[in-house]
1. Direction-averaged shadow area of the convex hull around the Cα atoms of region 1-45, nm²?
2. ³J(HN,Hα) across region 24-30 via Karplus (A = 6.51, B = -1.76, C = 1.60, θ = phi - 60°), whole Hz, x for Gly/Pro?
3. At 0.36 nm per residue, and after removing the present C-alpha to C-alpha distance, how many nm does the segment from SER258 to GLU330 gain when stretched out fully?
4. Between GLU140 and ASN7, what's the calculated FRET efficiency when r is the beta-carbon distance and R0 is 60 Å? Round to 0.05.
5. If we count every other residue with Cβ under 15 angstrom of THR58's Cβ, Lys/Arg +1 and Asp/Glu -1, where does the sum land?
6. What's the Kirkwood radius of region 233-346 in Å, using all Cα pairs?
7. How large is the Kirkwood hydrodynamic radius of region 125-250, counting all unique pairs of alpha carbons, in Å?
8. Of the peptides 301-307, 276-282, 77-83, how do they stack up when ordered by the mean number of other Cβ atoms within 10 Å, highest first?
Amino acid sequence: MSNTLDNKAREIMRGNDKGTYTVPTAGLYPYQWNWDSAFAALGFSTFDMGRAWVELETLFTGQWDNGMVPHIIFHEKSSGYFPGPDVWGTTHTPPTSGISQPPVAATFTRMIFDKDPEAGRAHLVGLFPKLLAWHRWFFECRNESGMIVVTHPWESGRDNAPDWDEAMKNVDISGVGEYTRNDLGHVDPHMRPQKEDYDRYMAIVYAGRDCGWDEAEIAENGPFRVSDPGMTFILLRANRDLLAMAVTLGEDTSEIESWISAIESGVERMWNPAINSYDSVNIRTGLFAGDITLVSFLCWYAGVNNPKMLEQFDRVTNAAMFSMPSYDPEAEDFEPFRYWRGPVWGIVNTLIAIGLADMGHIEKAEKLREDTVKLISKSGFAEYFNPQDGSPAGGMDFTWTAAIWLAWASPNAQTEGN
Ligand code: DGY
């Protein structure tokens, strides 16, 4: 069974491979996406190390002069996606979007390097300054007292998460006008964000474009600025890995160390005692979102061992047939099929489980892996899964689901230590 799924996963990754980068899935997402690509590199590293490095190196061809690594790189023309390069109106070559995405790349670079340090060294030497510049950009442009903020829900990777609801209400959509979504031609609408979300996504894109993606202006007056436990924990972990790579290369570590201690104190600001969990904060109002979502459980991944989150983990995983649901199944507005408002995501299971295992919570890590194995065995390499009945949702033959199967979920990945 697992050999068949391993073969299928490799076939999916090869099928989505455009030579130097991988699309998340044919049709729905026809370009290179930032964190998808980092996951793809991790998947490739289980069977083609050379291709893994190329994936990461191609991602950085999209890096801006200010260090930002965009969430989409539009390498080739494609009519099938909205909003495409013309809508973003950025000036980079190749064309890109104007926002970033969760920085898992440093952590995966380190994992890939560790598999074969000798062959990887030249790649690491090339990538290190680029990763450093990207992390510096986060610190300069997305840092609010050590909490890492997103300026668009798409930047978090969790487009319609409940975390954003309160802040999204304040986004003015009066200038948005007509547009045609392409996603609904590929995926059932009840699995995707709604029109009221999309109008706001577009209003925020237009606001960025209209100021020429000026970060100072976006920080001061942007329509959306919310701290994200996901971004914050992922960047904290990424900085710890960057630090280890700096040591390997004999680079100065002081700047990275200062980022780590700043974010460690930012993490404490994201603790919402009212819900006993890490939570998002709307920077414009100072209000917590009040929601327990799957990224609250990335604390261990960031090296933060909070016993209260272990209790939350037990409660939330007991409330779902398959874990980790993207939103608390006991919340009134939990929606098992709708994108980031309920479904399970194999990639986040991977990150949470890596953290749990690092901190010695082996049974909990194993629970997430077993659930992921059941979901993929039952429903294939879907983009995400319904946590109540395990049915597939979103795009199929998805690169990152195949990648985490090969690198982590597959029983063979465990025995071979991939
Ligand atoms: C989409 O288009 O749905 C993406 O999530 C934005 O990156």
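1. 3.3
2. Values, residue by residue: x, 6, 5, x, 4, 10, x Hz.
3. This chain segment gains 22.1 nm when fully extended.
4. 0.85
5. Charge balance in the 15 Å sphere: -3.
6. When all Cα pairs of region 233-346 are included, the Kirkwood radius is 15.6 Å.
7. Across region 125-250, the inverse of the average 1/r is 16.4 Å.
8. Ranked from most to least packed, the peptides come out as 276-282, 301-307, 77-83.
Read-outs: derived from the displayed coordinates by stated rules, not from any lab. This is a predicted model, so every value here is computed, not measured. In this analysis, Cβ positions are derived from the backbone assuming ideal geometry, glycine residues included, and neighbour counts consider all displayed protein chains.
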